[in-house]
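Engineer: Sharing a structure here in structure tokens format.
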Amino acid sequence: MSNHERLIERLSGEMQPVKPLRATRWRVIAWLTLALPCGIVASFFVPRTLTDWSEPGALRALIQSVLAFMLSLLAVGSALNISIPGRRGVSGKVLASLALTWLGLSLSSMPGALSEAHDPSNTRCFSFLLVVSMPMMVLIIASLRRSRAHRPLQSLAMAGLGVACLAVSLLALCHPVHLHPADFLMHLAGVAVVVTLTVLLGKRWVKWD
């Protein structure tokens with residue numbers, strides 16, 4: 001018994017106080033406070049032109065940007081929540097409703113661009129999304145690593161979606177108001193790649209040991 005008591009005493013002396021996690025909303029705000037400036041700075045490494053907000057359809061483009069921003073915050077908050085046992089993420093219906101609204105607005109902005117010549121080198125949508133997403137991706141993986149993840153793949157996929165949506169929101173600020181079908185495909189491809197990269201790069205760091 002005395003050996004057990006000494007073992008317990010030694011282990012008790014080695015224990016360090018555990019700092020509790022902040023509420024999810026504050027973790028989201030902390031991530032956004034760092035991620036948004038990093039994304040903006042990263043955007044300067046990609047050739048782009050600012051959006052002409054005087055064009056017809058500019059309001060629709062602005063609404064798309066706001067919807068993508070809202071999706072980003074909800075997805076990141078959901079990723080942080082579901083990483084902790086016993087917590088649930090944002091309702092899938094809410095995320096789907098916002099995503100479908102964004103999709104509908106994107107499709108409705110195409111007719112005005114169908115007759116325009118498209119030069120992929122002028123937009124570089126895919127490169128923009130990847131470059132802007134990288135620092136934000138590292139930050140959200142670091143945030144998930146602090147608490148680890150009860151469901152790492154699901155948490156990382158949702159986190160990747162949040163990062164991609166924030167990048168899409170920034171892209172709307174330096175993109176033609178009218179959307180060409182080729183641009184739209186690059187947007188979707190960029191989102192898919194960002195989500196995939198987040199899962200692949202983060203699963204080693206956020207899973208439970």
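Taken together, the values in this text are just the output of simple stated rules run on the coordinates, not laboratory data. Source: prediction; values computed, not measured. Please note: Cβ atoms are built from the backbone with ideal geometry, for glycine as well, and neighbour counts cover all protein chains shown.
Engineer: Hey, can you rank 151-162, 189-200 by average C-beta count inside 10 Å, highest first?
Structural biologist: Going from most to least packed, we get 151-162, 189-200.
Engineer: If you take every residue apart from I82 with its C-beta less than 10 Å away from the C-beta of I82, what net charge results, scoring Lys and Arg +1 and Asp and Glu -1?
Structural biologist: +3
Engineer: What FRET efficiency would be calculated for the residue pair A142, R87, taking the C-beta separation as r and a Förster radius of 22 Å, to the nearest 0.05?
Structural biologist: Efficiency computed from Cβ-Cβ geometry: 0.65.
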